[in-house]
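This report refers to the structure that appears directly beneath it.
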Amino acid sequence: MNDLDDLLTPEAVASGVTAGSKKKLFALLAEAAGRAHGLDPAVVAAQLVARERLGSTGFGGGIAIPHARIEGLDRVRGVMMRLDRPLDFGSVDEIPVDLVFMLLSPVAAGAEHLKALARVSRRMRDRGFTAKLRGAGSADALYALLAGTEARDAAA
């Protein structure tokens with residue numbers, strides 16, 4: 001399964017986001033998770049910061065996949081943001097990040113969390129796919145790419 005629509009809703013995808021620091025980005029991601037998934041933004045931001053202290057979630061190639069486990073979450077959820085300007089993320093390759101896919105999982109979702117993280121990272125490792133994400137003209141276009149609806153519509 002290449003589609004990520006089981007992790008996202010259209011409200012959980014944003015384009016042209018301005019974040020001057022990781023801390024600001026985590027606050028914006030947490031606010032989006034609050035709106036899209038009914039989570040407490042303060043809890044989400046704190047968990048993202050705690051996870052990032054263990055090591056950068058900068059994936060390389062201008063991509064970050066910050067992730068955290070959230071108490072009371074019913075299933076794995078995501079938020080995708082394309083930044084208007086790349087942000088230093090402390091990535092191994094030192095390339096600033098402009099594509100951010102946040103993954104949030106229930107505390108007890110061990111295998112489910114790892115499978116979702118692997119699926120997102122596999123998708124984001126596809127340079128052709130990330131080029132399409134970077135070229136998408138709107139949050140709706142980003143969501144269509146991530147959800148795979150563009151491919152399904154073309155096949156119909």
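The table below lists the values:
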read-out: Residue match in segment 44-58 (condition: buried (at least 21 other Cβ atoms within 10 Å of the Cβ) and part of a strand (DSSP E or B)); value: yes
read-out: Qualifying residue in segment 7-29 (condition: surrounded by 20 or more Cβ atoms within 10 Å (Cβ to Cβ), of a type in the set (Gly, Ala, Ser), free of Cβ contacts under 8 Å to residues at least 24 places away in the same chain and in contact with a helix residue (DSSP H, G or I) (Cβ under 8 Å, 6 or more places away or on another chain)); value: no
read-out: Only listed residue being closer than 24 Å to Arg123 by Cα, in contact with a strand residue (DSSP E or B) (Cβ under 6 Å, 6 or more places away or on another chain), open to solvent by 10 Å² or more (accessible area, probe 1.4 Å) and without any contact (Cβ under 8 Å) to a residue 40 or more places away in the chain, chosen from Leu73, Leu87; value: Leu73
read-out: Phe89 over 14 Å from Leu7 (Cβ atoms), in contact with a helix residue (DSSP H, G or I) (Cβ under 8 Å, 6 or more places away or on another chain) and of a type in the set (Phe, Trp, Tyr); value: yes
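The values are calculated or read from the model by the stated rules, or taken from the named source; none is laboratory data. Computed from a predicted model, the values in this text were never measured in an experiment. Virtual Cβ from ideal backbone geometry, glycine too; neighbours counted across all protein chains shown. Remember, those area values only see protein heavy atoms, side chains included, never the ligands or the DNA or RNA. Shrake-Rupley method; radii C 1.70, N 1.55, O 1.52, S 1.80 Å.
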